[in-house]
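Working notes, beginning with the structure itself.
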Amino acid sequence: MSDVLTSVLRRRGGSLLLAVLLCALPFYLDAFWLRIGLFSMAAAIGAVGIGLLSGTAGQLSLGHAFFLAVGAYGYVWLAGEPGPGLPPALAAVLAVLLAGAAGGLFSPVAGRVKGVYLGVATLALVFLGHHVLLTADSVTGGFNGRSVPPLELGGFSFTETDPELTVLGVPFGAEERLWYLGLALFALTWFTARGLLRGRPGRALVALRDSETAASVMGVQVARYRSAAFVVSSMYAGLAGVLLALSFRRVVPDYFSLALSVDYLAMIVIGGLGSVAGATAGAVFITALPLLMTRYADQLPLVATPGSGDGSIGPTEAARYLYGAAIVVILLYAPDGLHGLARRTRARLRRRRPVTAPSDAGPSPRTPATTTARAKEHTP
Amino acid sequence: MTTRTAAPPALDVRDVTVRFAGLTALDDVSFTVAPGTVHAVIGPNGAGKSTCFNVLSGLYRPAQGSVRLGDAELTRLAPHRIAALGVARTFQNIVTTQGTVADNLMLGRHVLSRAGFAASALRLPRAAREQREHLARAREIAELTGLGEHFETPVALLSYGDRKRVELARALCLEPRVLLLDEPVAGMNAGERARTAEVVRDVRAELGLSVVLVEHDMGLVMRLADEVTVLDFGRAIAHGTPDEVRRDPEVLRAYLGTGTTGEDAA
């Protein structure tokens with residue numbers, strides 16, 4: 001039994017440690033940092049979705065913001081007033097399904113149009129969505145948007161009070177509570193997306209991206225898998241939309257613009273196409289950067305404090321310049337993104353280790369050729 | 001797990017014509033691949049050999065003619081349906097996908113496995129078991145084709161000959177009844193050629209499948225093929241055993257040219 005435990009610890013030790021660390025953070029960080037974390041988690045869920053579509057299946061989508069909006073507004077309308085006023089947990093699930101259904105409605109196009117051309121086709125969705133959000137006042141609240149009803153799970157509400165909660169001397173407000181919700185949803189995303197990518201559908205999508213011809217003669221139904229990738233990606237976007245709405249506590253149409261879609265593409269490019277961990281890293285980078293720069297604007301050179309308005313660069317613009325530069329640097333020097341960079345660093349460290357510790361009698365009788373070439377563990 | 005044990009049905013190509021905007025790539029081509037034989041399709045460059053393969057695997061629709069595998073009419077089916085019937089192919093220019101040899105071979109198991117998006121995302125025990133079983137079979141096929149030691153190696157790191165063999169192994173992973181090999185030894189050195197020829201002979205003997213072979217290497221064709229069809233400018237100009245074909249005057253003319261017809265051929 002203890003053997004099993006140690007082997008699990010050896011294999012999963014890193015992720016366990018990370019999970020414990022993430023769970024402990026609300027006890028030490030204030031609301032500002034927790035909010036950055038929340039937005040990052042929501043963005044990571046959305047980025048995993050678009051990573052599946054654009055990174056793994058090779059289908060460009062500029063319509064991700066639309067599906068985020070469907071998730072966010074779907075939740076607000078379903079759980080709120082005016083609207084059916086469903087229990088918020090049910091509304092959240094339905095909102096994700098609604099985003100999936102919206103993706104399914106688009107699947108006649110998504111299944112047939114390939115690569116860059118799909119990007120152009122999905123562009124229409126963003127503009128259409130934005131227009132509907134602005135004009136359908138009774139559902140969306142128009143230009144001013146709507147406030148988001150708080151999530152409730154079995155009498156426990158994700159708000160400041162109700163019920164009053166203090167854990168280990170730390171008062172648990174909305175941010176602390178939502179943090180754990182975000183962690184759970186992100187863990188779900190991580191689990192499902194990795195399962196998809198390492199399973200039969202993931203291989204079929206990779207084959208579609210690399211060679212449609214090879215995929216089809218190997219028995220992959222091209223149109224069906226393209227549409228399915230689109231639907232799954234929309235559902236992750238919907239989930240991200242729900243979490244974003246809960247964190248913002250107010251949804252407004254202008255947030256779900258084309259720039260948001262581009263942000264999500266930037267996340268997966270910076271993180272590395274086709275990898276869940278990469279999409280997460282990219283999402284944290286793109287989300288946290290402008291928020292951090294706004295917070296520390298007064299201490300940064302060349303950046304004006306918000307509202308000073310004397311013609312210099314504000315923190316948001318500065319963040320955009322920075323991540324534009326990051327994209328250029330990544331595309332030039334590490335086209336496989338942060339994920340590829342991490343993998344190569346790890347491979348280099350592993351190659352160096354036997355040289356520094358030649359007497360190491362570790363359980364690794366593999367030939368050096370396979371250890372350097374192989375970065376993925378055995379599938380059990 | 002599915003393994004097709006029954007003898008393959010005959011593959012019957014009848015009067016197939018393919019035109020590309022005025023160019024007739026295949027002109028009334030007919031031949032029959034008898035069950036369990038190796039049938040070679042040879043001919044000079046541009047004779048229509050690869051076009052013929054693209055018709056067989058459903059990538060091209062012929063203007064006329066039919067291709068039947070047993071009772072199934074292949075010309076009306078999409079490529080993935082033809083694959084599901086047990087027709088697997090390799091490509092002249094290597095077409096592998098990103099990832100390891102194992103990933104590529106598992107793609108070959110696609111039509112034989114069932115796990116969909118939901119089952120894989122939720123990692124249902126059923127999907128995990130299926131994946132394990134198919135991985136075991138893929139490993140067997142890797143051993144059979146001499147890729148055993150490279151099973152976990154990214155395809156991009158393999159030599160040209162090994163990558164070519166990955167394609168062969170991936171096609172075999174489909175447990176095909178008919179195997180279409182488009183120049184399986186092109187660009188290989190003598191040792192690699194001999195090894196691939198051996199693999200083809202072995203799998204035919206062990207799995208009893210039919211093989212259609214397009215190849216420029218006459219030595220390999222003569223050694224492996226039971227029957228040969230010669231194409232020239234889209235027409236089938238000769239059929240027969242390798243020995244018969246080798247002596248056929250039409251074939252000699254197509255390959256070497258003669259004084260009189262060589263001029264208008266050029």
- Message: Under the rule of at least 5 residues apart or a separate chain, name every residue whose amide H is placed under 5 Å from the amide H of B:E227.
- Response: B:V38, B:A40
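Going by the alpha-carbon gyration tensor, a ≥ b ≥ c the square roots of its eigenvalues, is the protein assembly as shown rounded (a/c under 1.5) or, if a/c is not under 1.5, prolate (a/b greater than b/c) versus oblate? Before the final figure, lay out the partial values.
Numbers: a/c = 2.38, a/b = 1.92, b/c = 1.24.
Taking the square roots of the gyration eigenvalues as a ≥ b ≥ c, the protein assembly as shown is prolate.
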- Message: Under the rule of at least 5 residues apart or a separate chain, name every residue whose amide H is placed under 5 Å from the amide H of B:D232.
- Response: B:I237
- Item | Theoretical gain in end-to-end length, A:V8 to A:L322 [0.36 nm per residue, Cα-Cα removed] | 109.0 nm
- Message: Given a 10 angstrom Cα cut-off, can you work out which residue in A:P301, A:P149, A:P87 is the most mobile in a GNM of chain A?
- Response: A:P301
- Item | Overall dimensions of the stretch A:187-314 by Cα: Rg and Dmax, Å | 19.2, 62
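Per residue of chain B, what 222 nm ellipticity follows from adding -39500 (n - 2.57) for every DSSP H run with n ≥ 4, rounded to the nearest 500? Present the calculation step by step, with values, prior to reporting the outcome.
Details: 11 runs with 104 residues, N = 266.
That calculation yields -11000 deg cm²/dmol at 222 nm.
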- Item | Leading residue at positive end of dipole, the stretch B:98-175 (Cβ point charges), from B:L157, B:A121, B:L107 | B:A121
- Semi-axes (Å, rounded, descending) of the ellipsoid equivalent to the stretch B:155-195 per its C-alpha gyration tensor are 19, 13, 8
- Per DSSP H run of at least 4 residues, take -39500 (n - 2.57); add these up for chain A, divide by its residues and hand me the 222 nm value, nearest 500 deg cm²/dmol. -22000 deg cm²/dmol
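Please report, in debye to the nearest 20, how large the charge dipole of the stretch B:117-255 is about its Cα centre when each Lys and Arg carries +1 at its beta carbon and each Asp and Glu carries -1 there.
Details: 20 positive and 24 negative charges, 103 e Å.
In total the dipole reaches around 500 debye.
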- Under 19 Å by backbone N from the virtual spin label 7 Å along Cα-to-Cβ at A:L90, the residues of the stretch A:117-160 are A:149-158
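Rounded to the nearest 0.05, what FRET efficiency do A:A124 and B:F20 have when you use their Cβ-Cβ distance and R0 = 22 Å?
On the way: r = 34 Å, r/R0 = 1.56.
The formula returns an efficiency of 0.05 here.
I'd like the FRET efficiency for B:D243 and B:Q98, computed as 1/(1 + (r/R0)^6) with the beta carbon distance as r and R0 of 51 Å, rounded to 0.05. Before the final figure, lay out each step's value.
Working: r = 44 Å, r/R0 = 0.87.
Using R0 = 51 Å, I get an efficiency of 0.70.
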- Query: At A:Y180 and B:E149, where each label point lies 7 Å from the Cα along Cα→Cβ, what is the point-to-point distance in nanometres?
  - Reply: 5.4 nm
- Normalised contact order of the stretch B:98-175, rounded percent, pairs of Cα under 8 Å and 6 or more residues apart: 51 percent
- Item | Cα-only radius of gyration and Dmax that characterise chain A, units Å | 22.2, 73
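Calculate, for A:E81 and A:L168, the FRET efficiency according to 1/(1 + (r/R0)^6) with r their C-beta to C-beta distance and R0 35 Å; round to the nearest 0.05. Display every interim value, and only then the final one.
Details: r = 36 Å, r/R0 = 1.04.
Efficiency, rounded to the nearest 0.05: 0.45.
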- Note on the structure: Note on the stretch A:1-154: alpha-carbon gyration tensor, axes a ≥ b ≥ c; rule is a/c under 1.5 for rounded, else prolate if a/b larger than b/c, else oblate; result oblate
- Under the 7 Å Cα-to-Cβ spin-label approximation, A:L188 and A:L17 lie apart by a distance in nanometres of 2.9 nm
- Item | Low-density loop cleavage sites - trypsin sites (Lys or Arg not before Pro) in the stretch B:165-242, where at most 13 other Cβ are within 10 Å (DSSP) | none
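Wrap a convex hull around the Cα atoms of the stretch B:76-119, take a quarter of its surface area, and give that in square nanometres.
Numbers: hull surface 17.6 nm².
Approximately 4.4 nm², given one-decimal rounding.
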- Query: For chain A, modelled as a Gaussian network with Cα springs under 10 Å, which listed residue fluctuates most, A:R350, A:R295, A:R249?
  - Reply: A:R350
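What are the membrane-span-like helices in chain A by this rule: whole DSSP H runs, Cα extent along the axis at least 24 Å, mean Kyte-Doolittle hydropathy at least 0.5? If you can, show how the numbers build up before the last one.
Working: long enough: A:2-24 (28 Å, 1.06); A:31-50 (28 Å, 1.72); A:88-105 (25 Å, 2.07); A:116-135 (30 Å, 1.80); A:174-198 (35 Å, 0.54); A:222-248 (38 Å, 1.29); A:276-295 (29 Å, 1.45); A:315-333 (26 Å, 1.13); A:337-356 (29 Å, -1.19).
Helices passing the filter in chain A: A:2-24, A:31-50, A:88-105, A:116-135, A:174-198, A:222-248, A:276-295, A:315-333.
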- Task: Kindly write out, for the stretch B:85-100 in residue order, the coupling ³J(HN,Hα) from the Karplus curve 6.51 cos²θ - 1.76 cosθ + 1.60 (θ = phi - 60°), rounded to whole Hz, with x marking Gly and Pro.
- Result: 7, x, 10, 10, 9, 10, 10, 5, 9, 4, 10, 9, 10, 4, x, 7
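Taking every pair of Cα atoms in the stretch A:1-50, average 1/r, invert it to obtain the Kirkwood radius, and report Rg/Rh to two decimals. Don't jump to the answer; show the numbers that get you there.
Working: Rg = 15.1 Å, Rh = 13.0 Å.
We get a ratio of 1.16 for the stretch A:1-50.
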- Specify whether the C-alpha gyration tensor of chain B places it in the rounded, prolate or oblate class, a ≥ b ≥ c being the square roots of the eigenvalues: rounded for a/c under 1.5, otherwise prolate if a/b is larger than b/c and oblate if not. prolate
- Message: Rounding to the nearest 10 and keeping the result within 0 to 90°, find how far the Cα-based axis of helix B:160-172 lies from the longest principal axis of chain B.
- Response: 80 degrees
- Message: Need one number: nm distance between label points at B:A10 and B:F233, each 7 Å from Cα along Cα→Cβ, rounded to one decimal.
- Response: 3.1 nm
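Given the stretch B:98-175, report the % of alpha carbon pairs whose separation exceeds 19 Å.
Details: 1017 of 3003 pairs.
Of all Cα-Cα pairs in the stretch B:98-175, 34 percent lie more than 19 Å apart.
Read-outs throughout are calculated quantities, based only on the coordinates presented, and are distinct from any laboratory measurement. Everything quoted here is computed from the prediction, not taken from an experiment. For neighbour counting, all protein chains shown are included, and Cβ atoms are generated from backbone atoms with ideal geometry for every residue, glycine included.
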